[in-house]
Amino acid sequence: MLAATALLGSPGPGIAALLVAGRSLGLAQGLRLYVGLQAGLALAAGLSAAGLASLLAARPALGSLLTAAAVIYLVWLAWRVSSAPVGEGTIGGESGARLTFAGGFLLGAANPKAYLAFVSLYGAFTVTSAGARTDAFAKWGLCVLVMVVVDLAWLALGVLLGRVRLGARGERAMNLAMGAAILLAAGLSLAR
């Protein structure tokens, strides 16, 4: 459980998006991205358990396609966050327009950091000796449970950041810092 929490809860593309959604949209609307992200990550965890890693090793172009989709979304998101207007009445406005279920699903399903984490966890630990399928299903369930809890905590942190009242300069600095964090996550995805 500790290894899953550390690997799945460490900052990456999904967590950067959750922070932005929580800060700019609040909890109720940020849950759209959160639920989409959880669905996409659950799919990624299931595919990893089913042996997607073997397929990706045999067909590296598929892995490159997944990485490209995630990076394109992240670069777009970083630009939107960094260039979002500042001041009263802008939180949750146009800058949050694509922090949706669909955007979250795409990010979760195409998140290269998540696939690496799942494959590492699945290969390193045995949860049950009741057979390979049962063990894979148990690992999937534990990973989903950890993702649900940890990612909700990151969304809540974003909501708390959104409650901090900053002047226009401070808000611009926060937007730029969040955009830079998202670009860093995208860059790390490419460096894998």
Exercise. Can you give the accessible area of Thr128, probe radius 1.4 Å, in Å² rounded to 10?
Worked result: 40
Seminar exercise, completed: Karplus ³J(HN,Hα) for region 170-182 (6.51 cos²θ - 1.76 cosθ + 1.60, θ = phi - 60°; Hz, whole; x = Gly/Pro) runs x, 5, 4, 4, 5, 4, 5, 5, 5, x, 5, 5, 5
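The values are calculated or read from the model by the stated rules, or taken from the named source; none is laboratory data. Given the structure is predicted, the values throughout are model-derived calculations rather than measurements. Accessible surface is based on the protein model in full, side chains and every heavy atom, while ligands, DNA and RNA are left aside. Shrake-Rupley method; radii C 1.70, N 1.55, O 1.52, S 1.80 Å.
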